[in-house]
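Input: a single structure, listed below in structure tokens.
The values are calculated or read from the model by the stated rules, or taken from the named source; none is laboratory data. Just so you know, these numbers come straight off a predicted model, no measurement behind them. Note that each Cβ is placed from the backbone with ideal geometry, even for glycine, and that neighbours are counted across all protein chains shown.
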Amino acid sequence: MSERRLFRRRALWVAGNWKMNGTRAETQTFFDALKTSFPKSDLPAALHTAIFVSPLSIDRALTVRGDLPVEIGLQNVHFETKGAFTGEISGPMALEAGIKLALVGHSERRQYFGETDATAKRRTESLLAQGFTVIHCIGETKTERLENQTETVLARQIDDGLPTEYSDRLIIAYEPVWAIGTGLTATPEQAEEAHAFIRTRLATRYNRDAAEKLPILYGGSVTPDVFPALLALPNVDGGLVGGASLKAESFRQLIQQGLEVTRSP
Ligand code: PGA
């Protein structure tokens with residue numbers, strides 16, 4: 001572990017994806033509770049914390065967050081900046097509301113709302129060009145893993161789905177679909193194997209230096225029970241957390257665990 005810390009070159013992220021949860025009242029309760037328990041000192045610049053909320057809860061989140069260093073992000077933003085796209089939200093709308101952070105390509109967007117590598121790529125490229133920081137999600141399904149297709153799928157999602165140009169505002173989240181919301185976290189061995197593969201592929205897609213700089217978060221049933229073991233892995237740079245980010249106490253614990261890693265000598 002100490003070897004890993006000596007060589008830590010990348011920022012660490014603790015990001016919560018609330019999905020279709022979090023009314024304004026619930027958002028208020030969450031941040032009120034987080035404020036009372038949050039680590040007192042400022043977070044180091046190398047530790048980012050974020051919550052991806054519903055568009056309708058943005059205003060409330062930004063207000064009740066106060067001076068907590070928790071970024072607020074959106075779970076899906078359209079790649080066009082305006083036009084006839086009923087039900088969608090544009091980058092300029094998000095920016096006007098004070099949001100500069102977005103998720104792209106979450107497996108639930110791919111599974112239920114027709115997101116493909118091609119649309120995810122358009123989305124990430126457009127949002128990066130508009131100044132957003134983007135967490136771009138990839139990951140294989142259970143069937144793909146059982147059929148030994150994990151690396152083939154990840155390679156395709158990287159080659160066809162990531163922007164053509166490297167950006168220092170791009171972050172990758174590896175989220176094996178079979179681990180999302182199932183309680184089946186990937187083992188540290190499975191996570192490290194996939195993350196190492198992703199980093200190697202990123203070196204081919206961009207270059208070695210870019211691949212070393214890109215944070216790769218793990219997502220899929222992350223809880224405070226399993227997070228420290230994941231954070232100890234050389235190629236895991238934080239977590240994208242669903243269920244365990246909905247409660248202020250478990251989200252605080254995850255941040256505390258991230259803080260311990262960034263503070264270690
Ligand atoms: P989970 O969700 O932590 O509830 O498994 C993770 C995600 O979908 O980002």
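Does residue 51 satisfy the criteria of being among the aliphatic types (A, V, I, L, M), surrounded by 22 or more Cβ atoms within 10 Å (Cβ to Cβ) and either at pLDDT below 95 or within 30 Å of residue 213 (Cα to Cα) (or both)? Yes. Summed over region 168-212, the residues that are more than 25 Å from residue 101 (Cβ to Cβ) and out of contact with any Phe, Trp or Tyr (no Cβ under 8 Å at 6 or more places or on another chain) give a count of 15. Here region 207-236 is the region considered, the condition is being of a type in the set (Gly, Ala, Ser), surrounded by fewer than 24 Cβ atoms within 10 Å (Cβ to Cβ) and assigned to a loop (DSSP other than H, G, I, E, B), and the residue that is nearest to the ligand (Cβ to nearest atom) is 221.
A count restricted to region 240-265 and to residues that are outside any helix (DSSP H, G or I) and under 12 Å from residue 51 (Cα atoms) stands at 5.
Looking only at region 227-243, which residues are without any contact (Cβ under 8 Å) to a residue 60 or more places away in the chain and within 29 Å of residue 28 (Cβ to Cβ)? Result: 227, single match.
None of 115, 175 is free of Cβ contacts under 8 Å to residues at least 12 places away in the same chain and within 24 Å of residue 71 (Cβ to Cβ) except 115. Take the conditions (1) in a loop (DSSP other than H, G, I, E, B); (2) within 16 Å of the ligand (Cβ to nearest atom); (3) in contact (Cβ under 8 Å) with a residue 40 or more places away in the chain; (4) surrounded by fewer than 19 Cβ atoms within 10 Å (Cβ to Cβ); residue 168 misses just one of them, which is (2). Residues being of a type in the set (S, T, N, Q) and touching a residue at least 40 places away in the same chain (Cβ under 8 Å): count how many of those fall in region 30-66. Total meeting the criteria: 2.
Number of residues in region 43-66 that are outside any strand (DSSP E or B) and over 14 Å from residue 258 (Cβ atoms) equals 13. Here is a check on your reading of the model: is residue 198 more than 15 Å from the ligand (Cβ to nearest atom), touching a residue at least 60 places away in the same chain (Cβ under 8 Å) and part of a helix (DSSP H, G or I)? The answer is yes for residue 198.
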